[in-house]
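Data block below; observations after.
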């Protein structure tokens, strides 16, 4: 499969970007050839076999990589090799992730390492793309505008979403039979080993979040003797994932929701402050019912930005809030309070100010290409997630009636089941990967895994972290006592110290360790008693302070699939 035909994607560069870097300046190479791409970053396009099941083929994929370099050169004995990162999805850009957070990772994990972000197959600036919908086309615009809503949006929303993914699956079978075969997680695991070996190292060092934990356990099971450090954070139930149903993700969503509502009850700063969780919940339920009956019309003074806010957006907003509750709860509940009064202008501005005309759909003058930041790929295409996740999974033959039954079961697990649309995509997908690893989820790894789970993660439960850890010899689960999706959702000196010790020294927390956090949903006015000072050195305190500030500037968060980023603060 040649790499030609994708130049338009690579040539679209941001007019606001201060560097002259362009991905198409780099010729893919089987050796890592690094090019400056904005100080201090280096970028490369790494040529790997397109299809590992065809060793005789000379066709290549080109993996886009970004490097936040170690302060040490590779020939320095203090250099500790690369750490690879995956932010989740599937479909999220590792290039974007490390471009935003390379300094944070260097501060927490260590300056001794190179910190490497890469776009997995089918994602971002890695080629080839899946290619079902042409990037930037009117057809893609229609699919983007028609993205899945909360299934409670109307009586026929689930049916419409089901049919939408039947069509997408049929289109993929006609248009992307070859490319969709080569974007599996198993192939990405092989790519990670190739990247590691290109650095002159034999064993992988890795931090994967959310879907990145499935990639992590896939690697650990396929290559148990190639693990130097492997951290999985916000752990996916791999058995549920390969079933293609995504039914177990939200088992702790209500626990997470109660955490935010309880904070609102405890603080008079909360815009929906009441004296009980039930009363806060009742106000939001009433708002949803009101908007379901009649959505709110909004328009700015110039008439350039306009639309409606409906019940499904509020429902989806609740789940979005729970991904990063320490930064979003106050802002989202304030927005809901405004909506109660019929004021939707500020809410629409906050959520959609930058999204009314996505840059990839802006028609440029003349023959110029629409600008796209070289470190922020175009919004995830609709086929990215099913091509990867459904190709990884066993074939799904769920009928519409069976799908309704799945949502009924999930509704018994969580009141937020209607916001979790991910059981739908695989019902229409008809392609399977050239290589798909589907277990067993076991491994006598050359170094034990560090597994992190939050006590109230809305979409990857602590239960799943403990379940997956059991299959890997001497793996240890570190519990972070917080809400939010992944350990990065909150500030925790305790968690950060264990992560640093793991990568630098290989040490693991004692079994059953629970880390507290420094984050608060609503800062308290009360004078707190002086807590016992934890045993951190002056250097560690300085490092944590620096990491906290970097995190604030980077606006660190993980988004739900297909939720646009907004201007809202993260914490």
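Nothing in this text is a laboratory measurement; each read-out follows from the coordinates by a stated rule. Note that the coordinates shown come from a computational prediction; the quantities given were computed from them, not determined experimentally.
Our analysis of the stretch 451-499 gives Rg over Rh at 0.96, with the two radii drawn from alpha carbon positions and Rh computed by the Kirkwood formula.
Using a cutoff of 8 angstrom between alpha carbon atoms and counting only pairs six or more residues apart, the relative contact order for the stretch 253-352 works out to 26 percent.
So, in Å, what gap is there between the alpha-carbon centers of the stretch 444-469 and the stretch 217-254? Rounded to whole Å, the Cα centres lie 8 Å apart.
With the convex hull drawn around the C-alpha atoms of the stretch 253-352, the volume per residue stands at 94 Å³. Extension gain for the segment residue 56 to residue 160, taken as residue separation times 0.36 nm less the Cα-Cα distance, is 33.1 nm to one decimal. Every Cα-Cα pair of the stretch 385-488 was included, and the share exceeding 21 Å stands at 55 percent. Distance distribution P(r), the chain, all Cα-Cα pairs, bin width 10 angstrom from 0: 3, 17, 29, 29, 17, 5, 0 percent.
For the chain, the relative contact order is 20 percent, taking Cα pairs closer than 8 Å that sit 6 or more residues apart in sequence and dividing their mean separation by the residue count.
Convert 37 °C to kelvin, take the viscosity as 0.692 mPa s, use the Kirkwood radius over C-alpha pairs of the stretch 40-159 as Rh, and evaluate the Stokes-Einstein diffusion coefficient in µm²/s, rounded to a whole number. It comes out at roughly 193 µm²/s.
Each principal axis of the Cα atoms in the stretch 433-539 has its own extent, and those three values, largest first, are 58, 31, 23 angstrom.
A helix-only calculation puts the chain at -11000 deg cm²/dmol for mean residue ellipticity at 222 nm, using -39500 (n - 2.57) for each DSSP H run of at least four residues, averaged over all residues.
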